[in-house]
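The structure under discussion appears below in the form of C-alpha cells.
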Amino acid sequence: MSEQSSSSSAAPHNPPFRADHVGSLLRPPELLRAREDRKAGRTGDVELRAIENDAIRSAIAFQESVGLQSITDGEYRREVFYTDFYCRGLGGVTVAYDPSSIDEDAFFIDRQGHKLPLIVPRVHGRMRWRGPIHVDDFKFVGAATNRMPKITIPSPTIIHFRAGRRNISADIYPDLDMFWADIADAFHRELAALHDAGCRYVQIDETTLASLSDESVWEQMRRRGDDGRTMLLRTYPEIMNRAFAGRPPGLHLPMHLCRGNNQSHWSAAGGYDLVADTLFNTLNVDSYFLEYDSERAGSFAPLRFVPRNKTVVLGLISSKFPELESKDAIKRRINEATKYIALDQLSLSPQCGFASTAPGNRVSVEDQRAKLALVVEIAREVWG
C-alpha cells in the first residue's frame, strides 16, 4: 500500500465497518408471492406481515453467517427503496413506471442495451411526518441480532429529482419552499425518532448527485426547466444539509451514492469529479458508500478531497452481475485508491444493494452470498 496509507486517521470505523454492505437483499420467492397475493386480495396484512417477519429473520441469519457486522432487514418490507418513506410514511406521493421516459432519453439500461422506463413519483397531497416510519423496522432487526442494525432511508432530494416540478402539484405546493420545508421537517423528526429508539446507524440512499455528475442528465433537466449544474452544486446539497441539520449526536449518518439500480440496469454514468469538493467538504454526513464497480464511476482521483475525519466505503464488488470478482484484482483497486486517500479511511462493500426494487438484480442467492463473503474475506486480509 502507499506511504500515505500508513498514517493515522481520526476517522471512525465502527460504523461503517471494514466489510459493509448497502442494505437490500434478494427477496425470497415466497415473499414475492405473498406480496402479489396481498395485492390481489387473496391474503391479508396480518398474513403478509408474518411472512415478511420470517423472511427478515432468515435474512439476518444470512448476514451474520457471512460475517457482516451491520445488519439490515434486506428492505423486505419495501417495493422500491424509497417508497415506504415517502408514499406510506409521509403520504401524498404515488409512484409508477413512465413508459414515455424512454422516448425522452431518460431510462434504466443494462449491459445488453435493454431499457426499462423510469419510476416516476407524483406529488398530489401534502407530505407530512405523522409518526415514526422505520422505527418498528429498526426494533424488529435489533431484537433479532446482537450486531449493529442499520436502517436505510432515501435522500431528501429524490422526489424532486425524479418528479420534476410538473409532477409536484402546484395546488398543494404553489411554492417549492413549502415542499422542501415539509421534507426537511420529516427528516428531523424521523432521525430523532430512530435515535430515541436506540438506532445509531442510518444510511441515506442518494441517487441525485451521482446521476447529475452525468452531464447528459443536465439536458433532461433543462427540458423541464431546471439547471442541472445548479442543482448538483448548490440546490440539492443545501437541501440535504437542511434536512440533516441538528441530528442527534452519536447517530452515524453515511451517504450511499448511486447511479441507478433496478433489475441490473442503471440510469447514469459519470465520475465524482464535478461534485467531489461539495460532496466531501460541504455535505454534513459522516461517511460515504461510493459506487466504484465499473468505469461508469470514473477514477479514484476525487478521493483526494475527502477530509481526514471522514471515511469512504469502496463499492468495488458488483451487485448487478453474477460474475465473482478476483480477490487480487480488488486488492489492486484498493491499493490504487490509496494514492489519493489513506488506507485507514477506507472500507469495502458491494457497489449497491442486490434489490433496490422488489424483483431484484439478475444474480442468484448463491451469487449474493459469494459476493458478500468475498467482501468480508478481503476486508480481513487488508485491514486485519
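The values are calculated or read from the model by the stated rules, or taken from the named source; none is laboratory data. Predicted, not measured: the structure shown is a model, and the values here were computed from it. Every residue, glycine as well, gets a Cβ built from its backbone with ideal geometry; the counts of neighbours run over all protein chains shown. Surface accessibility is based on the protein's heavy atoms, side chains included, excluding ligands, DNA and RNA. Shrake-Rupley method; radii C 1.70, N 1.55, O 1.52, S 1.80 Å.
Beta carbons closer than 9 Å, at least 6 apart along the sequence or on distinct chains, pair a first residue in region 156-175 that is touching a residue at least 12 places away in the same chain (Cβ under 8 Å) and at positive phi with a second that is surrounded by fewer than 20 Cβ atoms within 10 Å (Cβ to Cβ) and part of a loop (DSSP other than H, G, I, E, B) for 164/224; 164/225; 164/226.
Here residue 99 clears all of (1) within 25 Å of residue 186 (Cα to Cα); (2) open to solvent by 60 Å² or more (accessible area, probe 1.4 Å) except the condition numbered (1). With respect to the conditions (1) farther than 25 Å from residue 320 by Cα; (2) among the hydroxyl-bearing types (Ser, Thr, Tyr); (3) under 19 Å from the mean Cα position of the chain (by Cα); (4) at pLDDT below 95, residue 82 lacks only one, and its number is (1).
For residue 65, the criteria (1) open to solvent by less than 10 Å² (accessible area, probe 1.4 Å); (2) in a helix (DSSP H, G or I); (3) of a type in the set (S, T, N, Q) hold in every case but one, which is (1). Residues of region 213-240 that are closer than 28 Å to residue 347 by Cα and either among the hydroxyl-bearing types (Ser, Thr, Tyr) or open to solvent by 10 Å² or more (accessible area, probe 1.4 Å) (or both): 213, 214, 233, 236, 238, 239.
Residues in region 18-47 that are basic (Lys, Arg) and touching a strand residue (DSSP E or B) at 6+ places or on another chain (Cβ under 9 Å): 18 alone. Any chance region 303-316 includes a residue that's among the hydroxyl-bearing types (Ser, Thr, Tyr) and out of contact with any Gly (no Cβ under 8 Å at 6 or more places or on another chain)? Looking through region 303-316, at least one residue is among the hydroxyl-bearing types (Ser, Thr, Tyr) and out of contact with any Gly (no Cβ under 8 Å at 6 or more places or on another chain). For beta carbons closer than 6 Å, sequence separation of 6+ or different chains, a first residue in region 271-287 that is closer than 14 Å to residue 206 by Cβ and without any contact (Cβ under 8 Å) to a residue 40 or more places away in the chain and a second that is of a type outside the set (Phe, Trp, Tyr) and open to solvent by less than 40 Å² (accessible area, probe 1.4 Å), the qualifying pairs are 280/306. Being in contact with a Pro (Cβ under 7 Å, 6 or more places away or on another chain), in contact (Cβ under 8 Å) with a residue 60 or more places away in the chain and either surrounded by 19 or more Cβ atoms within 10 Å (Cβ to Cβ) or outside any loop (DSSP other than H, G, I, E, B) (or both) narrows it down to one residue among 210, 243; which is it? Of the residues listed, the single one that is in contact with a Pro (Cβ under 7 Å, 6 or more places away or on another chain), in contact (Cβ under 8 Å) with a residue 60 or more places away in the chain and either surrounded by 19 or more Cβ atoms within 10 Å (Cβ to Cβ) or outside any loop (DSSP other than H, G, I, E, B) (or both) is 243. Has region 195-202 got at least one residue that is crowded, with 17+ Cβ neighbours inside 10 Å, within 20 Å of the chain's Cα centre (by Cα) and part of a strand (DSSP E or B)? So far as region 195-202 goes, yes, one or more of its residues are crowded, with 17+ Cβ neighbours inside 10 Å, within 20 Å of the chain's Cα centre (by Cα) and part of a strand (DSSP E or B). Taking only pairs six or more apart or across chains, which ones have beta-carbon atoms under 6 Å, a first residue in region 113-128 that is under 20 Å from residue 243 (Cα atoms) and touching a residue at least 12 places away in the same chain (Cβ under 8 Å), and a second residue that is of a type in the set (S, T, N, Q) and in a loop (DSSP other than H, G, I, E, B)? Listed by first residue and then by second, the contacts come to 123/169.
Given the criteria within 14 Å of the chain's Cα centre (by Cα), at positive phi, part of a loop (DSSP other than H, G, I, E, B) and of a type outside the set (A, V, I, L, M), does residue 270 qualify? The answer is no for residue 270. Of everything in region 297-315, what is open to solvent by 10 Å² or more (accessible area, probe 1.4 Å) and touching a Phe, Trp or Tyr at 6+ places or on another chain (Cβ under 7 Å)? Give them in sequence order. Within region 297-315, 298, 301, 304, 305, 306, 307, 310 qualify. Of all residues being more than 12 Å from residue 298 (Cα to Cα) and of a type in the set (Ser, Thr, Tyr) in region 261-279, which is modelled with the lowest pLDDT? Just the residue, please. Taking the candidates together, the pick is 267. Apart from one condition, residue 381 fits all of (1) under 22 Å from the mean Cα position of the chain (by Cα); (2) over 15 Å from residue 20 (Cβ atoms); (3) not basic (Lys, Arg); the exception is (1). A Cβ distance below 7 Å, combined with a sequence gap of six or more or placement on separate chains, defines the contacts here; from region 24-42, residues that are under 20 Å from residue 141 (Cβ atoms) reach residues that are assigned to a helix (DSSP H, G or I) and open to solvent by less than 60 Å² (accessible area, probe 1.4 Å) in the pairs 25/59; 25/368; 26/368; 28/55; 31/52; 31/55; 34/48; 35/48.
Of the residues making up region 276-296, those that are in contact with a helix residue (DSSP H, G or I) (Cβ under 7 Å, 6 or more places away or on another chain) and either open to solvent by 30 Å² or more (accessible area, probe 1.4 Å) or farther than 26 Å from residue 111 by Cα (or both) are 276, 277, 278, 279, 280, 281, 282, 283, 284, 285.
Take the conditions (1) in contact with a His (Cβ under 9 Å, 6 or more places away or on another chain); (2) open to solvent by 30 Å² or more (accessible area, probe 1.4 Å); (3) closer than 30 Å to residue 61 by Cα; (4) of a type in the set (D, E, K, R); residue 190 misses just one of them, which is (2). Residues that are open to solvent by 40 Å² or more (accessible area, probe 1.4 Å) and of a type in the set (Ser, Thr, Tyr) occur in region 317-339; there is at least one.
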